[in-house]
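Right, one structure below, let's go through it.
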Amino acid sequence: MTDVPLDPPSSYTLSQQPKRELSFFEQRIHAVATSPYAVLTLSVANLAALSKARKLVRGYPTVISCLGHAGIFAAAAVALQTGDIVNGSGLATVWSANWLMFNARKAFTSRRVVPMSMVGLVASIGSAYGYQYFVIDQ
């Protein structure tokens with residue numbers, strides 16, 4: 001028998017792929033989407049909405065939604081802080097879409113400024129992390 005080293009079936013990983021040049025717009029999105037502070041803003045916004053959610057004010061997310069999404073967004077911030085950009089941006093993207101599915105209609109039908117601005121905040125930050133995950137990291 002010969003001593004031939006066995007290579008794994010797929011030794012060409014994402015880190016070995018050549019990086020393409022990012023445009024000016026993509027560089028700005030990359031700067032936002034690799035930082036944990038934007039997703040941490042979503043976590044703080046959900047915790048701030050918790051007082052209105054407890055009082056069942058129309059247009060605000062429920063208490064469970066506020067607590068759950070605040071925790072998930074904080075976990076995404078921790079992942080980004082440790083350098084795991086793919087999982088951190090993926091978590092922020094998926095849970096931002098989840099937040100919008102459950103809370104956007106309530107916010108717009110209430111016609112209140114704060115819930116509608118929370119929708120804008122979640123949509124803009126979630127789309128930045130989504131662009132990072134689906135376009136830049138590919």
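The values are calculated or read from the model by the stated rules, or taken from the named source; none is laboratory data. Computed from a predicted structure; not experimentally measured. Quick reminder, even Gly has a Cβ in these numbers, built from the backbone with ideal geometry, and neighbours come from all protein chains shown. When the accessible area is computed, the model is the full protein with side chains, heavy atoms only, and any ligands, DNA or RNA have been set aside. Shrake-Rupley method; radii C 1.70, N 1.55, O 1.52, S 1.80 Å.
Helix-derived [θ] at 222 nm for the chain: sum -39500 (n - 2.57) over DSSP H runs of at least 4, divide by residue count, nearest 500?
Calculated mean residue ellipticity at 222 nm is -22000 deg cm²/dmol.
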Checklist entry - Excluding same-chain residues fewer than 8 positions from Lys106, which lysines have a Cα within less than 23 Å of its Cα? => result Lys52, Lys55
Checklist entry - At a 1.4 Å probe radius, carbon and sulfur cover how many percent of the accessible area of the chain? => result 65 percent
Checklist outcome for this item: Sorted on mean Cβ neighbours within 10 Å (highest first), peptides 113-125, 33-45 come out as 33-45, 113-125
Checklist entry - Using the alpha-carbon atoms, what tilt in degrees (0 to 90, nearest 10) does helix 36-48 show relative to the longest principal axis of the chain? => result 30 degrees
Checklist entry - Which of these values of log10 I(q)/I(0) by the Debye sum over Cα atoms at q = 0.09, 0.11, 0.13, 0.15 Å⁻¹ was calculated from the structure shown: (i) -0.26, -0.39, -0.55, -0.73; (ii) -0.31, -0.47, -0.64, -0.84; (iii) -0.34, -0.47, -0.60, -0.73? => result (iii)
Checklist entry - Can you tell me the accessible area per residue over the chain, all protein chains present, probe 1.4 angstrom, in square angstrom? => result 64 Å²
Next on the checklist: Using only Cα atoms and rounding to the nearest 10 degrees, what angle (0 to 90) does helix 85-110 make with the longest principal axis of the chain?
Outcome noted: 20 degrees
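Under unit Cβ charges (Lys, Arg +1; Asp, Glu -1), what dipole magnitude, rounded to 20 debye, does the chain have relative to its Cα centre?
Working: 11 positive and 6 negative charges, 269 e Å.
Result for the chain is approximately 1300 debye, rounded to the nearest 20.
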